[in-house]
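Following: one structure in structure tokens, then a few remarks.
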Amino acid sequence: MRSIWNGAISFGLVSIPIKLVNATESHAISFRQIHTEDNGRIRYRKVCELDDREVTQAEIGKGYEDADGTIIPITDEDLSHLPIPTARTIEIVAFVPGERIDPLQMDAAYYLAAGGVPAAKPYVLLREALKRSNKVAIAKYALRGRERLGMLRVVGDAIAMHGLLWPDEVRAPEGVAPDTDVTVRDKELDLADALMDTLGEVDLEDLHDEYRAALEEVIAAKASGEAPPQAPAPAAGGKVLDLMAALENSVRAARESREAPSGGEAEVRPLPRRAAPKAAGGKKSTSTAKKTATAKKAAEPKKSTAQSTARSTAKATAKSTAKSTAKKTAAKAGAKTEAKKAAPRKRTA
């Protein structure tokens, strides 16, 4: 990680060379301004108002505008000679319990990396002292042209520094809370407590930026010439008129979601088949008849091999007997017919 500031931690008479490294990074998707007719980039040009020409970055400096509009130029050399001890030093001024720090004061976060081998021993000393005291260090430092307030705490094996807003930079919450008289009943508080207990805690590692993921899908779809995915239809809802009913429904829904099985091995369930419609006249459908016949066959005891053999032998004997009988009958009938034909007919007088 690239350092953005080099200096030292002033810990009483101890000086710890350190490098300031960003502890956070932004994963937000940024856009460019374009001309909608031809997708041409829209750029900002830095133009001097007096010369009416574009200037380069090397020609740009800092200046303070006075109340009457006068510009007072301020150079980097002027800033490097500021009469403050925190120009290149993170000066620790106090150690306080962490709960004393109002989260509203929290600003950017940094890691403090030890600046070389000589800084290792005092760095570890400060880290272990913060660990054992269960306190945080309040410090002052100068960064990007202004003096700032910071809080040092231990994160793993490193020392992190959170930038803090000055107390006068945190606005009082005046006019934010409802200005009407509201009475909250104990039953409503009980339901709110039950909802909080049911929702429980969450591991922050399980949370992710769904908006950025959806935005990436849209960009990928448009880049490949496909239609972007459509947003699901919002659930129909109405105005909440009964706070108690809303709390009860919320608790019930939270419990159901908590009781629903999650994780572990997936259970494979066959899709339910549609029942075939019944035929006219109250007759059972073909699938129902097949199921009944199958059940009957499964319920009947299996016959032994000897019985099945005897039955097949009896059937074969009956068939052969029937065939021989039919042949004899046919032979007798043929003999009688031939005899009738051979007998002479009597003449009538």
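The values are calculated or read from the model by the stated rules, or taken from the named source; none is laboratory data. Everything numeric in this text was worked out from a predicted model, so none of it was measured. Using ideal geometry, Cβ is built from the backbone for each residue, glycine included, and neighbour counts are taken over all protein chains shown. SASA here: full protein model, heavy atoms, side chains in, ligands and nucleic acids out. Shrake-Rupley method; radii C 1.70, N 1.55, O 1.52, S 1.80 Å.
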At 1.4 Å probe size, with the rest of the protein present, what percent of the exposed accessible area of the range 1-108 is carbon and sulfur atoms?
52 percent
Taking H placed 1.01 Å from N in the peptide plane, check which residues at least 5 places from GLY115 or on another chain put their amide H under 5 Å from its amide H.
ILE18, LYS19
Taking amide hydrogens as modeled 1.01 Å from N in the peptide plane, which residues meet the under 5 Å criterion relative to ILE90, leaving out close sequence neighbours?
ALA8, ILE9, SER10
Once the piece of chain linking ALA120 and GLU226 is laid out straight, how much longer is it, given 0.36 nm per residue of separation minus the C-alpha distance between them?
32.6 nm
Quantify, in whole percent, the carbon and sulfur part of the accessible surface of the range 120-250 (1.4 Å probe; protein heavy atoms only).
55 percent
For the range 8-51, accessible area per residue (1.4 Å probe, heavy atoms of protein chains only), Å²:
88 Å²
Sparse-neighbourhood loop hits (chymotrypsin sites (Phe, Trp or Tyr not before Pro), the range 1-109; DSSP loop; Cβ within 10 Å at most 12 others) -> PHE31, TYR44
In the neighborhood of ARG148, defined by Cβ-to-Cβ distances under 9 Å, what is the net charge if each Lys or Arg adds +1 and each Asp or Glu adds -1?
+1
Could you please state, rounded to a whole Å, how far the C-alpha centre of the range 65-82 is from the C-alpha centre of the range 172-221?
46 Å
For ILE42 and ARG100, calculate 0.36 nm times their separation in residues minus their Cα-Cα distance, and state this gained length in nm to one decimal.
16.1 nm
Counting only heavy atoms of the protein chains, get the accessible area per residue of the range 110-198 (1.4 Å probe) and round it to a whole Å² value.
65 Å²
Counting other C-beta atoms within 10 Å, and keeping those with at most 10, which DSSP coil GluC sites (Glu not before Pro) do you find in the range 134-214?
GLU174, GLU201
Would you mind calculating the relative contact order of the range 81-148 from Cα pairs under 8 angstrom and at least 6 residues apart, reporting the percent as a whole number?
58 percent
So who's got an amide H within less than 5 Å of the one on ALA108, skipping anything under 5 residues away but keeping other chains? H placed 1.01 Å off N, in plane.
GLY163
